[in-house]
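These notes concern the structure reproduced below.
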């Protein structure tokens, strides 16, 4: 497991800025990924409210705002090895809902004595998951002469993502908002231009700041490590185009990740592809 305590208060080399985590217990850990026949059904209480605004004085424009509040009892979630270790030792007593999925090295003569030796990752019933937030969609479609334009903005603002992972203590909360893959703000901007048989599109994808994967809990990250374990807001831009040669064939191409964004240092392909910027070109023909 990635334990930042093994490398001091900062997982980065202050001289080079490189990520320098080293942990001998992190290398050869045996494990399996499996199903879980002991799962029970989950139940959800959901509240949603929203409105759509389509003014008559601005044809092609619409604004949609939705509020949602979701509470899932007995929620089914896949847990990683890190989450199993954290969940087992979180709280005043061991949580067997998680501890049953790990083992430690029992050999007192081994340099890895007491270290993790086995993990079984699977789906389990959490006690409860709560989340709420807002969704916003703005669409404006219009034409100028022979040119058609489509502008779409989609965004989500999340208020909370709370995991109550200990069925024995329903009040014990693990706050996830702001951790990896759970930014407070996220959204997309789509710009499309159509002219005859040609269509060109631009997409910009946004995510707010996020805590590095395998790091501390969001409540402790800033206190222990400062801003070094928090990734700044992320933008990725894609450009694409397609042209219909006739009713049966189309040529298409574009550039993915125009600004050549890189994945976060603790992820292989998130939030950007490990390939970086790449170009594509193809032909679609229908028989």
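Between residue 209 and residue 58, what length in nm is gained on full extension when 0.36 nm per residue of separation is reduced by their alpha carbon distance?
Gain on extension, residue 209 to residue 58, equals 50.9 nm.
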Listing 116, 51 by rising number of other beta-carbon atoms within 10 angstrom, fewest first, gives 51, 116
Taking springs between alpha-carbon atoms closer than 10 angstrom, which of 208, 115, 133 fluctuates most in the Gaussian network model of the chain?
115
When you take every Cα atom in the chain, what is the radius of gyration, and what is Dmax, the widest Cα pair distance, in Å?
24.0, 81
Where Rh is the Kirkwood radius over Cα pairs, Rg/Rh for the stretch 38-125
1.34
Give the order of 40, 204 when sorted by the count of other beta carbons within 10 angstrom, beginning with the fewest.
40, 204
Cα-based Rg then Dmax for the stretch 117-233, in Å, read 20.5, 68
Which residue fluctuates the most in the chain, going by a Gaussian network model with Cα springs under 10 Å, if the choices are 199, 231, 207?
199
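Taking the Kirkwood radius as the inverse of the mean 1/r across Cα pairs, report the Rg/Rh of the stretch 98-164.
Ratio of gyration radius to Kirkwood radius: 1.45.
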For the residue 255, residue 42 Cβ pair and Förster radius 41 Å, calculated FRET efficiency rounded to 0.05 is 0.50
Starting from the Cα of residue 239, move 7 Å in the Cα-to-Cβ direction to define the label point; list residues of the stretch 267-287 whose amide nitrogen is under 13 Å from there.
278-280
Ranked by GNM mean-square fluctuation in the chain (Cα springs under 10 Å), the top entry among 114, 254, 201 is 114
Square roots of five times the Cα gyration tensor eigenvalues for the stretch 192-287, Å:
40, 13, 9
Only counting other Cβ atoms within 10 Å, I'd like 137, 43 sorted with the fewest neighbours first.
43, 137
State, to one decimal in nm, how far the label point of residue 193 lies from the label point of residue 159, with both points 7 Å from Cα in the Cβ direction.
4.1 nm
Kindly state, to the nearest 0.05, the FRET efficiency for residue 270 paired with residue 70, given R0 = 22 Å and r defined as their beta-carbon distance.
0.40
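Laboratory data are not the source of any read-out in this text; all were calculated from the coordinates shown. If you're wondering where the values come from, they're calculated on a predicted model, not measured in any experiment. In this analysis, Cβ positions are derived from the backbone assuming ideal geometry, glycine residues included, and neighbour counts consider all displayed protein chains.
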